[in-house]
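The next block holds one structure in the form of structure tokens; read it before the comments.
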Amino acid sequence: MEELKISLSESKIESKQKENSTKSSIEELKQSLADIDAKSIQIANTTQVEMEEMKRDLVQVKEDIIDLQPRDGGWTEFGNWSDCSAECGGGTQTRTRTCTNPAPARGGADCVGEGEETRECNTEECEPYTMYIDCDDLTSLYIDGSESNVAGLGQLGQTSRLQIPASTELIAVKCYDGNGGVYNYCGIIGSVQDSQGRDIAVTDSTWKCSDTLESGWQLPGFTEGSNWRAAIDQGDSHYMLNREPYRNIPSSNKRVIWGTRGVGTVYCRKTL
């Protein structure tokens, strides 16, 4: 009986040992599996990093290859149209583009085509200008070579007012002074304004005057020789700036002009 008890006790101990051994083996196996998983993740991460590096290297190689090849130029889009060069009567607008999209490089071809476009604008006819002119003593007026017979011309102290085409190229004035061109007793004064009252031209030193009558002097295509000089400004104290009807001529910029002092008849021109 005692032997049987001893045998059973030994069996329990052995069974317990086996059970402990099995648990230990399972734990070891779990740890091994955990180690394997950690290694797998590390390997996967390492492989991903290496793959990204390889991709970057490949991209760089492709860029290096491209950088060695000729690159043809490409146009950018056209920019906005510029302001019209004229408010009326026909003007032009331009817009541009550049050969920088991309720019040609390493012997590549330039862009084909034009870098600038032009179109017409504001083609409607302009409203006529209004001109005021007077001289001491008698005036003859020519617009682009055609003599004007507007009221007031040829009459002392009466300002002439007329409308002239906005396309006018040349104004020419002949003035006769009965006092022989004595300072402060001779002069030409006038202005040209658009429909908005803005100065287009005024009598000033930009006019050219001569003492000599020449054929065609009143025409736009006439060539001015050395005898055509800048008009003389008669000064702020000239009576035509300060006395009616002359001072009523529009524009605060107008001046009294003449050719050579002491000469009774002068011929003056202004290109618009």
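The values are calculated or read from the model by the stated rules, or taken from the named source; none is laboratory data. Note that the structure is a prediction, hence the values are computed from the model and not measured. Don't worry about glycine lacking a Cβ; one is built from the backbone with ideal geometry, like all the others, and counts go over all protein chains shown. Keep in mind that these areas ignore ligands, DNA and RNA; they rest on the heavy atoms of the full protein, side chains included. Shrake-Rupley method; radii C 1.70, N 1.55, O 1.52, S 1.80 Å.
Accessible area per residue (1.4 Å probe, heavy atoms of protein chains only) ranks D144, D137 as D144, D137, with the largest value leading.
Can you tell me how segment 114-272 classifies by the Cα gyration tensor, rounded, prolate or oblate, using a/c under 1.5 as the rounded cut?
prolate
Count Lys and Arg as plus one, Asp and Glu as minus one, and take only other residues whose Cβ is under 15 Å from that of Y239; the net charge is then -3. The distance separating the Cα centre of segment 87-113 from that of segment 157-232 comes to 44 Å. So between T118 and R243, what do we pick up on full extension, going 0.36 nm a residue minus the alpha carbon distance? Gain on extension, T118 to R243, equals 40.0 nm. Each of V150 and S226 was given a label point 7 Å from its Cα along the Cα-to-Cβ line. The distance between the two points is 3.7 nm.
Accessible surface calculations at 1.4 Å, restricted to protein heavy atoms, place segment 54-173 at 63 Å² per residue. For V182, V112, the ranking by accessible surface with the largest value first comes to V112, V182, using a 1.4 Å probe. Full extension of the chain between Q60 and A103 gives 13.3 nm of extra length, using 0.36 nm per residue less the Cα-Cα distance.
A simple spin-label model places pseudo-atoms 7 Å from Cα toward Cβ; at S82 and E50 they are separated by 6.3 nm. Loop-resident trypsin sites (Lys or Arg not before Pro) (DSSP state other than H, G, I, E or B) in segment 174-241 with no more than 16 further Cβ atoms inside 10 Å of their Cβ: R198.
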